[in-house]
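These notes concern the structure reproduced below.
No value in this document is a laboratory result; all are computed from the given coordinates. Remember, predicted model here, so these are calculated numbers, not experimental data. We place every Cβ from the backbone using ideal geometry, glycine too, and count neighbours over all the protein chains shown.
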Amino acid sequence: MKAVLDQLKDGIRKFQTEVYPERAEAYRVAATTQQKPHTLLITCADSRIDPEAITSSVPGEMFVTRNVGNMVPAYGEMLGGVSAVIEYAVEALGVQHAVVCGHSDCGAMKGLLGSASDLERMPTVKSWLRNAAAALMVTQGLAGENASPKTLLHSLTEQNVLLQLNHLRTHPSIAGGLAKGTLTVSGWVYDIEHGEVKIYDDVTNKFLPVSTRI
């Protein structure tokens, strides 16, 4: 256990001696200026995801919330941390865009498919995953009889992002922003292995790589 803490301490020292000095002015501005992020990013708690690196963002540009499976409970269902973050981001910070970002090899999606560790030992996680129950039903309905586990996982990941986007739109602050035209939303899937981000396109009804989008 001590070895892990020592590793974290080494990382802090490196930040203080190498990273911070090169960006000291940016951090000074961030510390003395009220935050004004342009984007709310809702993504998975998976430790392999680095939102700032993926989007080449700097401190102050994104307001990020993370949870198991990048879930957004429909408004009124589970009022709590996620709902509070959404409301604060829109009403207090005035974000202009909100993203729901899923990712490849997601443990939450594997759990829904029954291919992850035993959820009976994690009743809280099992309950939380009910927020994606409809996505699982859609995936199973669309899947062919011979669909591979890999195909099912990929499809469920995409369907879950779309479902959570629908849940997001039920939040009053989001609905109001969309109606006024002060806010837009999008759904992403991040491929960890290949460093690729696909964004859902309403016209083609597909998740398209950023490189191919107009």
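Can you tell me the mean projection area, over all orientations, of the convex hull of segment 1-68's alpha carbons? Units nm², please.
Average projection, Cα convex hull of segment 1-68: 6.0 nm².
I need two numbers for segment 70-124: Rg to one decimal and Dmax as a whole number, Cα atoms only, in Å.
Calculated on Cα positions, Rg and Dmax stand at 14.7, 41 Å.
Could you list the trypsin sites (Lys or Arg not before Pro) in segment 1-52 that lie in coil according to DSSP, counting only those with at most 16 other Cβ atoms within 10 Å of their Cβ?
Those satisfying the criteria are ARG23, ARG48.
With springs connecting C-alpha atoms under 10 Å apart, model the chain as a Gaussian network and identify which of LEU119, LEU163, LEU153 has the largest mean-square fluctuation.
Taking springs between Cα atoms under 10 Å, the residue moving most is LEU119.
If neighbour count is taken as other Cβ atoms inside 10 Å, put ILE174, ILE49 in order from fewest to most.
If I rank by nearby Cβ atoms, fewest first, I get ILE49, ILE174.
Counting only C-alpha contacts under 8 Å and six or more residues apart, can you give the relative contact order of segment 163-214 as a whole percent?
20
Loop only by DSSP, 11 or fewer other Cβ within 10 Å of the Cβ. Give me the trypsin sites (Lys or Arg not before Pro) in segment 120-205 that pass, ordered by residue number.
When the trypsin sites (Lys or Arg not before Pro) of segment 120-205 are filtered for loop state and at most 11 Cβ neighbours within 10 Å, nothing remains.
Ranked by Cβ crowding within 10 angstrom, fewest neighbours first, how are ASP10, ASP46 ordered?
Neighbour counts put them in this order, fewest first: ASP10, ASP46.
If I fit a long axis through the Cα atoms of helix 2-14 and take the longest principal axis of the Cα atoms of the chain, what angle between them do I get, 0 to 90°, rounded to 10?
It works out to around 60 degrees.
Students often forget the sequence filter, so: which aspartates and glutamates lie under 15 Å Cα-Cα from LYS126 once same-chain residues fewer than 8 apart are removed?
Those aspartates and glutamates meeting the cut-off are ASP118.
Of the chain, which part is the longest with no GluC sites (Glu not before Pro) in a loop (DSSP not H, G, I, E, B) and with at most 14 other C-beta atoms within 10 angstrom?
Between exposed loop sites, the widest span is 1-76.
Strictly greater than 19 Å: what percent of every Cα pair in segment 21-137 meets that?
In whole percent, the long-distance tail amounts to 55.
Starting from the Cα-Cα distance between PHE15 and GLN96, subtract it from 0.36 nm times their residue separation and give me the gain in nm to one decimal.
Computed gain between PHE15 and GLN96 is 26.1 nm.
Return the tail of the calculated pair distribution for segment 36-209, meaning the percent of Cα-Cα pairs more than 28 Å apart.
20
For segment 128-182, report the translational diffusion coefficient in µm²/s to the nearest whole number, using Stokes-Einstein at 37 °C, 0.692 mPa s, and a Kirkwood Rh over Cα pairs.
Here the translational diffusion coefficient equals 262 µm²/s.
In nm², what is the average projected area of the convex hull enclosing the Cα atoms of segment 167-209?
If you wrap the Cα atoms of segment 167-209 in a convex hull and average its projections, you get 3.9 nm².
Relative contact order of segment 36-209: what whole-number percent is it, with Cα pairs under 8 angstrom and at least 6 residues apart?
Computed over segment 36-209, the figure is 26 percent.
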